[in-house]
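Participant: I'd like to ask you about the structure that follows.
The values are calculated or read from the model by the stated rules, or taken from the named source; none is laboratory data. Owing to the predicted nature of the structure, the values given are computational and were not obtained by experimental measurement. For neighbour counting, all protein chains shown are included, and Cβ atoms are generated from backbone atoms with ideal geometry for every residue, glycine included. SASA here: full protein model, heavy atoms, side chains in, ligands and nucleic acids out. Shrake-Rupley method; radii C 1.70, N 1.55, O 1.52, S 1.80 Å.
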Amino acid sequence: MLSCKTLLSRRIKTIKKNKNKKSKNSKRINSFSTKQNPISEKYQQEEDIEEEEDGDDVEEGFNLKASAPSQSHGVQPLGNLYLSPGSVNSRNTGLGNLQTLTDELVLEVLGFLGGAHLGVLASVSKSFYVFANHEPLWRNLVLDNLKGRLLYNGSWKSTYIAAHYPSFDVSNICVSGLRVRDFYSDYLFQSWLCANLEMKPEWLQRDNIIRRRGISVEEFISDFEEPNKPVLLEGCMDNWVALEKWDRDYLVQVCGDVEFSVGPVEMKLGEYFRYADQAREERPLYLFDPKFGEKVAILGSEYEVPVYFREDLFGVLGSERPDYRWIIIGPAGSGSSFHIDPNSTSAWNAVIKGSKKWVLFPPDVVPPGVHPSPDGAEVACPVSIIEWFMNFYGATKTWKRKPIECICKAGEVIFVPQGWWHLVINLEESVAITQNYVSRRNLLNVLDFLKRPNASTLVSGTRDRVNLYDKFKSAIEASFPGTIGHLTQKAEEKKAQQKKPSFWDSVTDSKAGAFKFSF
């Protein structure tokens, strides 16, 4: 019996041999969506192929992680149904009249059920067995109804049962589950695939960010902060104690029983690492805590703000300032999908351990596959970061204004200007510090943002969203008299001047696909 990894390798090789079919199949492989459309012919039924070694090299297509398990219930992409003449999709026969619903809608309905009802439903038919055991359903049940500590037990279903039925031996739960023959579903298959794909080399090779080492604060302001351009800074973390000490053992030791924010729950650091070691899911939980310095004072003392970012005008609000600094810890595959940093602030992100892939778009370019609401309060985007790379990254190759990309490694700091869309994915287990700040260069933008009519919806990181504008403006005027008026006058004079070429107008693509900077 072949593993899914072997099947993937073998099917892609078959596609490569047939050049006439290559274009068609390649299109299907890269057209995953959350709808029920045929997506791939790259898998064949396990029963039809003899086992071969897992070490086959795949030069094109997707590679699975070495640790990738087989698809739990034998779910196959819908395109495979057309390779099996005479087969009937057991997904439909097992759902009865509900078969007309999309897989996504079926799961939405099942999301209203509790754990006991899902367990009963799983015994109705093979199809309901597959749907009722969909891990994200159990993940939501755990995170939405958690009482007490979160102790991950290898799967979200096992975690739920262990928490609600302590006397039940969860070791009796079959991890692999029942394999259902002839079950075809793009939506369910993609969820497993996104959780187990390696990042393709072509997703990592573009590195067109400007890198600087040892520049002065004045150079940083004139070359990057004022023109609102990202830059990767090297060498400005060299004296951090954290860079030498913050490994797993040290962090677990100094943090002890302190709980940190992990998505919607609180977890001790040791428990989070236990989860990170076991979890194989599309959207791994991300430790992202804004109060780490208050919770564990020594952590706040073992790093210092790089000299380029020490002017932070939100500091005039004292304890009433919005959340502004976070410790970030996550396994490979975790990260943040496309977003703009809160309250129109700029940010810096320093990698202490590991490495991160960054993709950034300027404020006036909405990334492909991302759909912000007209008021900017909500953003619709792919379920997972890997899904975005699979479906939309390739489109940026033909764009005139390509995204800024880089891999930020331990000891490096990236500057993210206000308003820039950015996506971040950890390429390995990573530890980082990030801070959002307001300087004179983006003060007017922040004030404009805070006084928007829907500020109560847009402003984040503070309890008093409605009055933050008045408090901040008053505090700035008291601490730095005349600053707002001076900056406003400068901004009006700049508008009156002849329009200079934009950052993007000064950038042209080289033959290698990178950027050529001419300023």
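Participant: What does the C-alpha gyration tensor say about the overall shape of the range 72-196? Classify as rounded when a/c is under 1.5, otherwise prolate if a/b is larger than b/c, or oblate.
Facilitator: prolate
Participant: Once the Cβ-Cβ distance between T93 and E218 is put in as r, and R0 is 56 Å, what FRET efficiency do you end up with, to the nearest 0.05?
Facilitator: E between T93 and E218, to the nearest 0.05, is 0.20.
Participant: Going down the list K229/K357; K200/K353; K400/K495; K473/K494; K65/K126, which pairs span over 20 Å between their C-alpha atoms?
Facilitator: Over 20 Å apart, Cα to Cα: K200/K353; K400/K495; K473/K494; K65/K126.
Participant: Using a 1.4 angstrom probe, figure out how much accessible area the range 72-196 has per residue, in square angstrom, rounded to the nearest whole.
Facilitator: For the range 72-196, the per-residue accessible area is 48 Å².
Participant: Residue-wise, which Karplus ³J(HN,Hα) couplings in Hz belong to the range 196-207, taking 6.51 cos²θ - 1.76 cosθ + 1.60, θ = phi - 60°, and x for glycine or proline?
Facilitator: Coupling constants for the range 196-207: 10, 7, 7, 5, 5, x, 5, 6, 10, 7, 6, 9 Hz.
Participant: Right, here's the next one. Sort 349-360, 215-226 for me by packing, meaning the mean count of neighbouring Cβ atoms within 10 Å per residue, highest on top.
Facilitator: 349-360, 215-226
Participant: If I ignore ligands, DNA and RNA and count only protein heavy atoms, how much of S460 is accessible to a 1.4 Å probe, in Å² to the nearest 10?
Facilitator: 40 Å²
Participant: Taking square-rooted eigenvalues a ≥ b ≥ c of the alpha carbon gyration tensor, is the range 201-479 rounded, prolate or oblate, where a/c under 1.5 means rounded and, failing that, a/b exceeding b/c means prolate?
Facilitator: In terms of gyration-tensor shape, rounded.
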